[in-house]
Amino acid sequence: MKEGKTTFALFFGNRGFFPVSLIQQAREKLICVLRELGHGALMLPETATPHGAVETAKEGAKCARFLREHEGQYDGVLLSLSNFGYETGVVAALDKAGAPILIQAYPDGLDRDPRICLPGVACARNGVLTSIHVMSYMYTKIAQKHI
């Protein structure tokens with residue numbers, strides 16, 4: 001890893017039956033937060049897959065190709081789960097990522113607006129974690145309140 005500013009390759013897990021606004025908000029908010037903290041970010045273009053997110057294995061393969069094409073330009077991969085995410089797409093996207101993986105799920109809470117944060121997202125993260133653990137991918141999850 002290089003010295004100085006950390007650059008993340010961001011990608012967003014998706015389940016297509018949830019509102020598109022969840023992915024759109026996550027894309028906007030995470031890039032802003034990372035830049036405010038002095039980090040760089042690369043993202044799969046919004047036009048590469050539906051909403052620039054990953055749901056299917058085919059979309060995951062596109063993300064994996066994006067990561068390979070940008071190898072050496074990022075220090076780690078940040079997977080954001082603004083809705084439940086689908087394990088098949090995530091596993092395909094992370095195939096040979098070649099960098100540390102950080103998993104971020106929007107926090108649950110009955111007091112939160114369900115149009116912004118769906119209850120159960122942090123819980124559903126466990127399915128994704130199990131899948132990438134089975135694949136022996138090295139990852140870290142954010143366990144405390146964040147974003």
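FYI, it's all coordinate maths here, none of it is from the lab. Here the structure is a predicted model, which means the values were calculated and not measured. Heads up, the Cβs are rebuilt from the backbone with ideal geometry, glycines too, and the neighbour counts pull from every protein chain shown.
When the residues of the range 67-94 are filtered to those that are crowded, with 16+ Cβ neighbours inside 10 Å, on the phi < 0 side of the Ramachandran plot and in a loop (DSSP other than H, G, I, E, B), the one that is nearest to the chain's Cα centre (by Cα) is 82. In the range 36-65, the residues that are more than 12 Å from residue 13 (Cα to Cα) form Cβ pairs under 6 Å with partners that are outside any loop (DSSP other than H, G, I, E, B) and charged (D, E, K, R), at six or more places apart or across chains, as follows: 48/62.
A single member of 59, 28 is surrounded by 19 or more Cβ atoms within 10 Å (Cβ to Cβ), of a type in the set (Asp, Glu) and over 11 Å from the mean Cα position of the chain (by Cα), and it is 59. Going through (1) within 11 Å of residue 9 (Cβ to Cβ); (2) in contact with a helix residue (DSSP H, G or I) (Cβ under 9 Å, 6 or more places away or on another chain); (3) not hydrophobic (A, V, I, L, M, F, W, C) one by one, residue 80 falls short only on (1).
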